[in-house]
Amino acid sequence: MTTPPVAIEVASIPRTSRGLWRDAFRRLMRNGPAIVGMVCIAIFVFGALLAPLIARYDPTIGSLADGRQGPSLAHLMGTDLQGRDEFARVLYGARISLTVGVVAVFFGLVGGTLVGAIAGGAGGLVDGVLMRVVDVLLAVPGILLAIGIVAWLGHGEIQIMLAVGISYSPIFARLLRGSLLALRESDYVIAARSMGASPTRILMRHMLPNALTPLIVQATLAAATAIIDVAGLGFLGLGPGDPRVAEWGEMLTDSSKFLQSAPYLILFPGAAIVISAIGFNLLGDGLREALDPRLKR
Amino acid sequence: MARFIIRRLLVAIPVLFGLSVILFMFLRLLPGGGPAEAILGQHATPELVAKITASQGLDRPIYEQYFEYIGRLFHGDFGSSFVDGRQVLDTFLIRFPATIELTIGALIFAVGLGIPLGRLAARHPNSWTDGIVTAISLLGISIPVFVLGYTLVFFFGVELHWLPTFGQIDLRLDIPPVTHFAVIDAILAGHWYVIDALAHLVLPSIALGTIPLAVITRITRAAVIDVSNEDYVRTARAKGLTDRRVNDRHIMRNAWLPVTTVIGLQVGALLAGAVLTETVFSWNGVGSWVVTSIQNHDYIVVQSLVLIFASIFLLVNLIVDVGYAFLNPRIRYS
Amino acid sequence: MNLLSVHDLIVRFRTHDGTVHAVNGVSFDLNEGETLGLVGESGCGKSVTNLAVMRLLPSPAGRIEGGQVVFEGQDLLSLDESEMRDLRGKEIAMIFQDPMTSLNPVLTIEEQMVETIRAHRRVSKAEARAKTIELLSTVGIPQPESRLRNFPHQFSGGMRQRVMIAMALALEPKLLIADEPTTALDVTIQAQVLELLSRLAADRGTAVILITHDLGVVAGMTKRTNVMYAGFVVESATTADLFARPHHPYTVGLLHSMPRLDAQPGEPLIPIEGTPPDLRFAPVGCPFAPRCAWRVDRCWRENPVLEPMQPTQEIVTTGLQATHRIACWNQPTAEEAAAARPLRPGFTPAAPPTEDLS
């Protein structure tokens with residue numbers, strides 16, 4: 001039996017997109033800790049959304065007579081110094097922390113990826129200049145950058161979103177630029193180019209899906225840090241600025257003097273921050289494992 | 001090697017200049033009027049505004065102001081605080097040792113506990129030990145410094161009265177501030193006082209160092225696991241070397257490389273975190289000074305402090321990079 | 001008594017995706033000073049077999065689940081780890097495929113060689129250093145004293161592999177296992193390194209197991225060769241016999257898919273169709289059956305055992321008189337082997353059985 005001549009089929013450029021996401025989703029759903037994380041996040045999201053329905057009291061109104069009562073059936077988490085229901089304040093605080101945190105990450109993501117894409121795509125002088133700007137932002141460590149920007153812009157939710165967002169954008173910029181540079185030289189991109197695929201097709205089908213995944217992971221993890229940073233700003237007195245509005249960080253500052261007599265006033269907002277941060281961290285780790293199948297366990 | 005250091009320095013200098021420009025503009029571009037209004041805040045009256053503008057030279061052309069600013073910086077003149085009129089540099093030198101003490105304490109905690117934990121987890125991957133270590137490090141990065149700080153204050157200070165929670169030392173001890181390092185001053189003053197200074201260092205160091213601890217643990221674990229799977233570790237075993245030798249000479253020597261880089265980066269996190277920690281524990285370091293300056297609209301201080309912090313951070317990064325190049329023969333000898 | 005005797009070795013890996021049956025009953029013997037080639041494609045179990053002999057399988061995933069390994073009369077599988085460590089490097093040494101990744105990048109050559117020597121012999125650092133210089137010059141490294149303080153990345157690929165050979169032979173082991181020693185090297189360097197290996201082994205009387213996927217490497221170097229497929233040894237013969245008269249369909253396929261200098265111009269390279277089997281499933285029948293042009297129905301059901309051509313022959317397992325053995329139910333004839341396809345009139349390869357055999 002002679003072996004017939006084998007016709008070599010020109011393989012079409014594989015569809016990387018659909019299969020990748022579906023597989024990743026399935027892997028994510030099988031990841032226990034990730035599901036715990038998603039549950040934590042969901043609790044706070046629903047708590048924040050349904051706050052007006054769940055909370056029995058207005059978080060901004062209270063009478064001094066009711067002040068500093070411990071947890072009871074009437075007030076699940078007790079009352080603060082001014083008699084306001086702590087449970088309601090924690091729920092409404094979730095609104096601020098979650099929205100400000102997530103939007104801040106979103107700002108950072110958009111700004112950072114734009115800069116990173118331009119730098120990585122254009123190369124040369126543009127790349128050099130943009131990366132120096134990124135370096136300047138990175139020179140100020142951690143939350144200090146956000147503090148500085150809020151000091152400059154003043155109080156307010158939008159200002160905090162911008163401040164925290166700007167302090168995260170360098171990370172995303174570097175991440176995307178690094179991905180683009182590495183992918184440009186990777187074997188399968190060169191292979192696609194040699195098969196005559198147009199640069200746009202290469203960008204969309206091959207480079208973006210691979211560059212996106214570390215961004216998604218980083219953004220989720222950044223959300224965890226953002227919630228902490230937003231609370232930190234509130235703690236330092238740089239919060240949204242409206243004294244009636246409940247913000248977790250500010251709640252901690254206000255209650256710090258009463259640590260001995262009313263520790264629950266620190267416990268509940270503190271726990272809220274920690275649990276929501278844990279949620280995003282677990283989800284971020286789960287996404288990382290789900291989206292990169294080559295990771296060794 | 002020398003070329004490497006010079007190149008890194010050359011990159012750092014424009015960054016600092018860029019930052020100084022931005023900070024310089026920061027003061028000039030404050031929303032709500034000019035810099036004089038911002039500094040005076042509620043106390044702004046037209047006469048005071050005019051006085052400040054004249055005394056600070058705010059009415060001169062921008063580039064003139066900038067060059068004068070840079071010139072003064074090189075002479076160590078960072079301006080003076082509006083709150084107490086003292087030179088920024090003077091107050092800085094008095095307050096900075098406290099922050100250094102705190103940073104060192106936190107670093108010792110983070111590295112001293114983080115690396116052994118990471119190695120432990122890597123030795124038994126996916127076991128219960130590993131799970132516990134991973135859970136601890138997850139918790140570590142999810143607890144903000146101030147929440148942990150107050151929790152520690154509550155348990156160890158308020159409830160158990162084991163450790164002090166306020167300031168660097170017990171003020172009743174009346175230790176003369178020579179170096180402004182509480183520990184050193186305490187040693188200089190007499191034996192027992194050191195214990196008090198160290199006791200005051202414990203809780204803040206734990207609070208500040210927990211996030212770096214978590215990060216260092218994770219990175220050490222990952223680095224040790226990665227290196228353990230490398231071919232040269234297999235070769236080392238094939239040569240009949242003992243486990244101990246393989247671990248120390250072959251695995252750890254290579255795992256140190258990424259770990260030292262991370263430790264360097266964490267110093268930045270420590271500097272930033274000091275701001276929060278000093279506020280919680282009422283330490284008179286540079287961190288709490290940033291906060292009070294912002295609250296007091298003492299913007300010249302804020303501007304100078306941010307520049308100084310950034311310079312320190314860049315210097316630390318440079319040292320880390322050089323250290324890495326030194327440790328990694330592939331860079332050192334090429 | 002043979003230097004090394006491997007009998008019915010079974011190695012499995014437990015992974016998240018299932019159990020991988022890497023080695024499924026491999027047996028071979030090796031005499032002192034003999035060179036044995038182990039040939040096969042990636043994944044056939046040739047490396048795993050030898051890692052099992054050294055007891056260097058990645059744990060806890062890799063496990064020896066059956067068989068015997070006897071070295072100089074000692075059952076290696078029953079030794080505890082510290083006894084095994086005594087043997088490694090001193091009596092049995094191994095060199096690996098990629099010398100760049102197989103040498104520690106942060107230690108100097110001197111440090112790595114001295115530690116090898118001092119791990120097994122009580123000598124001073126100075127003595128070990130002197131021995132190192134001697135070894136480096138034996139493997140052809142010019143001016144060894146000046147290169148002691150160098151790091152692996154400062155050597156070329158060929159030089160690095162020479163260093164690995166020097167390190168392996170430092171303690172004059174009785175057995176050297178060379179796992180694809182030249183695969184990562186340029187072709188011109190390959191010949192040099194192989195020649196060096198061959199000469200050193202002959203000089204010291206070291207037995208060598210040479211693992212490779214390249215039949216060309218085996219041709220010049222080894223006296224005997226085992227061909228492996230899917231965790232089994234499918235043919236075992238002296239190298240000369242193997243090339244002159246291959247009997248197993250897989251070996252026939254391998255020889256015909258190699259470009260050869262003596263081939264006629266225009267003669268096509270004949271690849272072996274199909275792909276190696278998925279080792280996550282326990283083998284049923286001959287593992288080569290799906291790709292074999294000579295398969296009969298029995299091949300699908302029963303795995304052939306490694307046997308001599310004529311069943312009545314006395315089996316010699318080592319040396320130049322080694323019996324030519326194959327594991328096949330339907331061997332190609334000499335003409336068929338030369339033509340790379342069955343020539344019997346009316347013969348078609350048996351179709352896969354319709355019922356489930358597992």
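The values are calculated or read from the model by the stated rules, or taken from the named source; none is laboratory data. Values in this document were obtained by computation on a predicted structure and should not be read as measured data. Neighbour counts are summed over all protein chains in view; Cβ atoms, including those assigned to glycine, are modelled from backbone coordinates with ideal geometry.
Here are the numbers:
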| item | result |
| --- | --- |
| Single match in A:G121, A:G101, A:G111, A:G116 (criterion: away from chain B (no Cβ under 11 Å), under 22 Å from the mean Cα position of the chain (by Cα) and surrounded by fewer than 24 Cβ atoms within 10 Å (Cβ to Cβ)) | A:G111 |
| Subset of region B:230-249 that is in a helix (DSSP H, G or I) and of a type in the set (D, E) - its residue that is farthest from the other protein chains (Cβ to nearest Cβ) | B:D248 |
| Meets criteria (free of Cβ contacts under 8 Å to residues at least 12 places away in the same chain, within 11 Å of chain A (Cβ to nearest Cβ), closer than 23 Å to A:H155 by Cβ and not aliphatic (A, V, I, L, M)) for B:Q303 | no |
| Total residues in region B:268-289, condition hydrophobic (A, V, I, L, M, F, W, C) and either within 8 Å of another protein chain (Cβ to nearest Cβ) or not in a helix (DSSP H, G or I) (or both) | 7 |
| Output for region C:295-314, where each listed residue is at pLDDT 80 or above, in a loop (DSSP other than H, G, I, E, B) and of a type outside the set (S, T, N, Q) | C:R295, C:V296, C:E302, C:P304, C:V305, C:L306 |
| From A:A211, A:A224, residue being crowded, with 21+ Cβ neighbours inside 10 Å, of a type outside the set (S, T, N, Q), part of a helix (DSSP H, G or I) and at pLDDT 85 or above | A:A224 |
| Among the candidates B:L198, B:L203, B:L208, residue that is within 14 Å of chain A (Cβ to nearest Cβ) and either under 16 Å from the mean Cα position of the chain (by Cα) or free of Cβ contacts under 8 Å to residues at least 40 places away in the same chain (or both) | B:L208 |
| Residue match in region C:133-153 (condition: within 14 Å of another protein chain (Cβ to nearest Cβ), farther than 26 Å from B:D243 by Cα, at pLDDT 90 or above and in a loop (DSSP other than H, G, I, E, B)) | no |
| Which numbered condition B:G112 fails, given (1) farther than 21 Å from B:P212 by Cα; (2) more than 14 Å from chain A (Cβ to nearest Cβ); (3) in a helix (DSSP H, G or I) | (1) |
| Among the candidates B:L327, B:L305, B:L270, B:L315, residue that is touching a Leu at 6+ places or on another chain (Cβ under 7 Å) and modelled with pLDDT under 90 | B:L327 |
| Single unsatisfied condition, C:S102 versus (1) surrounded by 22 or more Cβ atoms within 10 Å (Cβ to Cβ); (2) modelled with pLDDT under 90; (3) hydroxyl-bearing (S, T, Y) | (2) |
| Residue check for A:G237: within 8 Å of chain B (Cβ to nearest Cβ), assigned to a loop (DSSP other than H, G, I, E, B) and out of contact with any Pro (no Cβ under 8 Å at 6 or more places or on another chain) | yes |
| Residue match in region B:76-96 (condition: in a strand (DSSP E or B) and more than 23 Å from B:I211 (Cβ to Cβ)) | yes |
| Qualifying residues in region C:315-340 (those that are surrounded by 14 or more Cβ atoms within 10 Å (Cβ to Cβ) and either assigned to a strand (DSSP E or B) or of a type in the set (S, T, Y) (or both)) - the one nearest to the other protein chains (Cβ to nearest Cβ) | C:I326 |
| Residues that are part of a helix (DSSP H, G or I), touching a residue at least 24 places away in the same chain (Cβ under 8 Å) and out of contact with any Ser or Thr (no Cβ under 7 Å at 6 or more places or on another chain), drawn from region B:150-183 | B:L152, B:F156, B:A182, B:V183 |
| Any pair with Cβ under 6 angstrom, 6 or more apart, that starts in region C:91-117 at a residue that is closer than 16 Å to B:G240 by Cβ and within 7 Å of chain B (Cβ to nearest Cβ) and ends at one that is surrounded by 24 or more Cβ atoms within 10 Å (Cβ to Cβ) and among the β-branched types (V, I, T) | C:M94/C:I177; C:S102/B:T235 |
| Among (1) farther than 19 Å from B:V15 by Cα; (2) away from every other protein chain (no Cβ under 11 Å); (3) among the charged types (D, E, K, R), the one test that B:D321 misses | (1) |
| Filter result for C:M84 (in a helix (DSSP H, G or I) and either within 12 Å of chain B (Cβ to nearest Cβ) or over 29 Å from the mean Cα position of the chain (by Cα) (or both)) | yes |
| Check on B:G264, assigned to a helix (DSSP H, G or I) and facing chain A (nearest Cβ under 10 Å) | no |
| Identity of the residue in region C:118-132, part of a helix (DSSP H, G or I) and within 14 Å of chain B (Cβ to nearest Cβ), that ends up nearest to C:E195 (Cα to Cα) | C:T132 |
| In region C:81-117, residue farthest from B:Y324 (Cα to Cα) [restricted to those that are of a type in the set (D, E, K, R) and in contact with an Asp or Glu (Cβ under 9 Å, 6 or more places away or on another chain)] | C:E91 |
| Test: residue in region C:65-81 that is farther than 16 Å from C:I177 by Cβ, crowded, with 21+ Cβ neighbours inside 10 Å and either more than 8 Å from chain B (Cβ to nearest Cβ) or touching a helix residue (DSSP H, G or I) at 6+ places or on another chain (Cβ under 7 Å) (or both) | no |
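Results for (1) small (G, A, S); (2) without any contact (Cβ under 8 Å) to a residue 24 or more places away in the chain, shown as yes or no for each residue.
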position	(1), (2)
A:A222	yes, no
A:L259	no, yes
A:P263	no, yes
A:L267	no, yes
A:L287	no, no
A:L291	no, no
